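A.B. asks: Below is a structure I'd like to ask you about.
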Amino acid sequence: MKAALATIAVLVLALGCTAEAVQVEENGLSFSVEAVKRLQELTEISLATGQQSPRLRGSSASLCADPMLPQEFLPLCRQRGASASLARLGMVPMDVCEICAFAACTGC
């Protein structure tokens, strides 16, 4: 019985580790797939509500100031070229990334 519980515990831990393992790399930094999905949601929301004009779409200031932005993007927001990096992350195809068929995705 103890062996069965230990086996189940190991399987649950292994599953948890693999679920968190996929990372998206951009500009020398790595971000979890979940954080990139959240970034994409925020980008879609800001465009849908018209918070950014088309002229300012490249600006990362409003996105980096958003309290809903995952904390792991803050170092990227402080870097030069953050707008371009955030735009690239916003275009990463998540369905392809989750199976690691995209060059920026690692850890499968």
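A.B. asks: Any idea how far apart Met68 and Met91 come out in nm if each label point goes 7 Å out from Cα toward Cβ?
C.D. replies: Modelled inter-label distance: 2.4 nm.
A.B. asks: Within a Cβ distance under 12 Å of Gly81, other residues only, what is the Lys/Arg minus Asp/Glu net charge?
C.D. replies: Taking every other residue near Gly81 into account, the sum is +2.
Every number in this text was worked out from the coordinates using simple rules, so none of it is lab data. Everything numeric in this text was worked out from a predicted model, so none of it was measured. Because the Cβ atoms are built from the backbone with ideal geometry, glycine has one as well, and the counts that use them run over all protein chains shown.
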